[in-house]
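Q: Sharing a structure with you now.
We did not get these values from a lab; they are worked out from the coordinates using the rules stated. Remember, it's a predicted structure, so these values are computed and weren't measured experimentally. All Cβ positions, glycine included, derive from the backbone under ideal geometry; neighbour counts span all protein chains shown.
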Amino acid sequence: MTGSYELNKNDKGQHTFVLKAGNGEVILRSEQYESKESADNGIVSVRENSRLNERYERKDAVNGTWYFNLKSANHKVIGTSQMYKSAAARDTGLEAVRTNGPSTAVTADA
């Protein structure tokens with residue numbers, strides 16, 4: 001099974017997207033965008049940047065969990081992972097984004 005993007009609009013009119021793995025688990029969450037077009041561009045950016053190791057910023061949270069950010073070429077955060085209980089689990093999640101990021105499947109409720 002391949003991954004997919006889910007595009008949503010919140011009650012304030014802001015647009016966000018998530019990248020889901022083939023099993024339906026959310027593996028990356030976007031920032032909030034003012035327009036659907038900007039969110040669509042964010043998805044394109046994930047597709048382009050998710051394959052590149054240098055675009056991932058591996059992080060340790062102050063509460064002892066781990067996560068990562070996916071950044072664009074201009075160093076802006078495109079998306080953030082969930083929190084993981086170990087660095088190894090974080091790295092497995094990163095590989096899931098690398099694998100599923102190029103997906104062209106998008107569903108939208110926005």
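To keep it simple, each residue is scored yes or no on (1) touching an Asp or Glu at 6+ places or on another chain (Cβ under 7 Å); (2) closer than 15 Å to SER81 by Cα; (3) assigned to a helix (DSSP H, G or I).
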position	(1), (2), (3)
THR2	no, no, no
TYR5	no, yes, no
ASN8	yes, no, no
LYS12	no, no, no
PHE17	yes, yes, no
ASN23	no, no, no
LEU28	no, yes, no
SER38	no, no, yes
ASN41	no, no, yes
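Q: Whether any residue in the stretch 78-86 is closer than 25 Å to ASN8 by Cβ and charged (D, E, K, R) is what I want to check.
A: no
Q: Of the residues that sit in the stretch 12-26 and are under 13 Å from SER103 (Cα atoms) and surrounded by 19 or more Cβ atoms within 10 Å (Cβ to Cβ), which one is nearest to the chain's Cα centre (by Cα)?
A: Restricting to residues being under 13 Å from SER103 (Cα atoms) and surrounded by 19 or more Cβ atoms within 10 Å (Cβ to Cβ), the top hit is LEU19.
Q: Among the residues of the stretch 57-75, write down those that are without any contact (Cβ under 8 Å) to a residue 40 or more places away in the chain, surrounded by 16 or more Cβ atoms within 10 Å (Cβ to Cβ) and part of a strand (DSSP E or B).
A: Within the stretch 57-75, TRP66, TYR67, PHE68, ASN69, LYS71 meet the criteria.
Q: For the stretch 76-101: of the residues being farther than 13 Å from TYR56 by Cα, in contact (Cβ under 8 Å) with a residue 12 or more places away in the chain and small (Gly, Ala, Ser), which is surrounded by the most Cβ atoms within 10 Å (Cβ to Cβ)?
A: ALA89
Q: Please count how many residues of the stretch 53-77 are under 24 Å from LYS9 (Cβ atoms), touching a Leu at 6+ places or on another chain (Cβ under 8 Å) and not β-branched (Val, Ile, Thr). So that I can check it myself, show each step before the final result.
A: Filtering the stretch 53-77 for residues under 24 Å from LYS9 (Cβ atoms) gives 69-70, 72, 76-77.
Filter once more, keeping what is touching a Leu at 6+ places or on another chain (Cβ under 8 Å): 70, 77.
Among the residues that remain, those that are also not β-branched (Val, Ile, Thr) are: 70.
The number of residues fulfilling the criteria is 1.
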